[in-house]
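Written out below as structure tokens is the structure these notes cover.
Nothing in this text is a laboratory measurement; each read-out follows from the coordinates by a stated rule. Not measured: the values here are computed from a predicted model. Positions of Cβ are backbone-derived with ideal geometry, glycine not excepted, and every protein chain shown enters the neighbour counts.
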Amino acid sequence: MTASGSQGVPFRGAGKLASFEDLLLPHLNAAYNLARWLTRNDQNADDLVQDAYLRAWKSFAGFNGGDGRAWLLTIVRNTCYTWLQRNRASELMTSFDEEMHSTSSHASNPEALLLQSANGDLLKKALQGLPPEFREVVIMREVEGLSYREIASISGVPVGTVMSRLARARARLQQVWARPIEQAVPTTT
């Protein structure tokens, strides 16, 4: 059985594995990131990414080329939503406690470190509070850098819907960020 690789070149056996690895393994972090934000749990994200890669491998012969990242993230997204539908009750009870892409700060200022930590916690909580369809577009656009068209393809919705969801998600995030500032600033009467 032959199929086309990402360049339209037929592959067999080991060539299929090499093509699969070349095309999809560079996107492992993006796949995990999307799964983690959708499931809000590291272990579930690990399992779902593994399942998504297995599904991608099984259907790789049907991949007709194009953007491997978008194709893979579509599989990851669908795998996560299937899992969420089956496990909705446990998903709602699971708290998200993963440190989000933290990099070691060389700042020696304890106040700066405390503010950075508080902002990170606030962002995590704000993202957690978004509905999954809003959370996924924010992650795909702002973290993964996907275009509106790529997000629309992955999500299976029109570009206008992606833009609308992103605008609403940003508005909600802005409201969450504004609350601590409003609470910190005393009102004059």
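What does the charge count around ARG77 come to, taking other residues whose C-beta lies under 11 Å from its C-beta (Lys +1, Arg +1, Asp -1, Glu -1)?
-2
With a Förster radius of 30 Å, plug the Cβ-Cβ distance of LEU25 and ARG86 into 1/(1 + (r/R0)^6) and report the FRET value to the nearest 0.05.
The pair LEU25/ARG86 has a calculated efficiency of 0.65.
For GLU133 and VAL157 in one chain, what is 0.36 nm times their gap in residues minus the Cα-Cα distance, to one decimal in nm?
7.6 nm
Taking the Cβ of SER164 as the center, what net charge do the other residues with Cβ under 14 Å away carry, scoring Lys and Arg +1 and Asp and Glu -1?
It works out to a net charge of +3.
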